[in-house]
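This report refers to the structure that appears directly beneath it.
The values are calculated or read from the model by the stated rules, or taken from the named source; none is laboratory data. It should be emphasised that the depicted structure is a prediction, and the values quoted were computed from it without experimental measurement. Glycine gets a Cβ as well: all are built from the backbone with ideal geometry, and neighbour counts include every protein chain shown.
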Amino acid sequence: MATCDVCGRSENMPYHCRHCGGTFCGEHRLPESHDCPGLDNWNDPEGVFDSGFDDSVNNRGGGSSGWLSGLLDTGTGGPLGYFRGNMTFVFLGLMFITYALQWVVLLTAPSYHNALFVISPEHPLYVWTWFTSIFAHSPTSITHILFNAIVIYFFGRIVESYIGSRNFTLLFLGSGALAGLGQIGIQMLQGGSTGALGASGAALAILGVLTVLNPSLRVYLYFFIPVPIWLLTIGYVVISVSGVIGGPAIGGVANAAHLVGLLVGLAYGQRVKGRKRMPNQLQFGGGRGGGGMGGPGRGRGPF
């Protein structure tokens, strides 16, 4: 069950506005019915406003321009239209596919594993590892990939719904690469040679964004200890800083990568804060799912 943000009516199948992130009943589902902030951005010379509920309205693009924006266009008819609203799940799938490929390489040509999947101080110019290392995880510890997958699954969908699939893609890949580079940069300064891999930097960037957007969101530490997300973020900052400066830290953890990821997320969260309202509840699917290139997918029900 969910309640309408306007009238408070309980709804079994609420509508979620992708422009402001609010939850509404059938009477207030249209942007003009709930005073949607997105109406302020109505700048369509053809007079068509895409409410996010009518699949017959085509996405005409707009916003940023350039070849990269076109390549990452997840709107209706764009080259990544199938992934609109679903990049969180795409990244989760790539993580497990990469994990399987790691084992294939380890069993067939183990000497190539680090060169393909690990970003390291010894080979910082292996540019492909800036990104493959995001999706690769420790082959000897299944908990490494599972922990990151849990964080990305629950929090990534909320952030993607808020900032859009294209920006979420850039945030995930950019923060993951910067986290890896930050980790090996610190190691190079400290004279270390251990490489890094894992999506922790990207996952903590997502956590940082959500902390800024909704600091009071309650999460369950170890699945049963309720804490506000801001407290969880502060805890990660303290642990990461301690590890970077040589204080007490958890062994085998890329503390610099965690810290860089968090800082990127916090900074980006400040940039996008206030664009629209955050959902007032955690949901499976995060609003609208991706469909084919001919149109958006169907919304998913609330958790």
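Leu173 meets each of the listed conditions (1) crowded, with 24+ Cβ neighbours inside 10 Å; (2) modelled with pLDDT of 95 or more apart from (1). Scan (1) in contact (Cβ under 8 Å) with a residue 24 or more places away in the chain; (2) closer than 22 Å to Val272 by Cβ for the single condition Gly198 breaks and write down its number. It is condition (2) that Gly198 fails.
Residue check: is Leu266 at pLDDT below 85 and among the aliphatic types (A, V, I, L, M)? It is false that Leu266 is at pLDDT below 85 and among the aliphatic types (A, V, I, L, M). For segment 168-203, filtered to residues that are closer than 21 Å to Ser138 by Cβ and not in a helix (DSSP H, G or I), the residue that is nearest to the chain's Cα centre (by Cα) is Ala199.
Among the listed residues Phe172, Phe117, identify the single one that is in contact with a helix residue (DSSP H, G or I) (Cβ under 6 Å, 6 or more places away or on another chain), of a type in the set (Phe, Trp, Tyr) and over 14 Å from Ile206 (Cβ atoms). Exactly one of Phe172, Phe117 is in contact with a helix residue (DSSP H, G or I) (Cβ under 6 Å, 6 or more places away or on another chain), of a type in the set (Phe, Trp, Tyr) and over 14 Å from Ile206 (Cβ atoms), namely Phe117. Is it true that Ser193 is small (Gly, Ala, Ser), surrounded by fewer than 20 Cβ atoms within 10 Å (Cβ to Cβ) and in contact with a strand residue (DSSP E or B) (Cβ under 6 Å, 6 or more places away or on another chain)? Criteria not met by Ser193. For Asn59, the conditions (1) part of a loop (DSSP other than H, G, I, E, B); (2) within 30 Å of Leu221 (Cβ to Cβ); (3) at pLDDT below 90 all hold with the exception of (2). Test of understanding: among His113, His144, which residue is without any contact (Cβ under 8 Å) to a residue 40 or more places away in the chain, closer than 15 Å to Ala196 by Cβ and out of contact with any Phe, Trp or Tyr (no Cβ under 8 Å at 6 or more places or on another chain)? Step by step, each of His113, His144 is checked, and only His113 is without any contact (Cβ under 8 Å) to a residue 40 or more places away in the chain, closer than 15 Å to Ala196 by Cβ and out of contact with any Phe, Trp or Tyr (no Cβ under 8 Å at 6 or more places or on another chain). For segment 134-167, give me the residue count where each residue is of a type in the set (Gly, Ala, Ser), touching a Lys or Arg at 6+ places or on another chain (Cβ under 9 Å) and not in a loop (DSSP other than H, G, I, E, B). Total meeting the criteria: 2.
Ile206: assigned by TED's automatic domain parsing to the domain that holds His113, buried (at least 19 other Cβ atoms within 10 Å of the Cβ), in a helix (DSSP H, G or I) and of a type in the set (Val, Ile, Thr), yes or no? Criteria met by Ile206. Is it the case that Ser240 is farther than 20 Å from Phe131 by Cα and either crowded, with 21+ Cβ neighbours inside 10 Å or not hydroxyl-bearing (Ser, Thr, Tyr) (or both)? The answer is yes for Ser240. Six or more apart or on different chains, Cβ atoms under 7 Å: show the pairs whose first residue is in segment 9-36 and not assigned by TED's automatic domain parsing to the domain that holds Ile158 and whose second is acidic (Asp, Glu) and not in a loop (DSSP other than H, G, I, E, B). Matching pairs, first to second residue: Cys25/Glu11; Ser33/Glu27.
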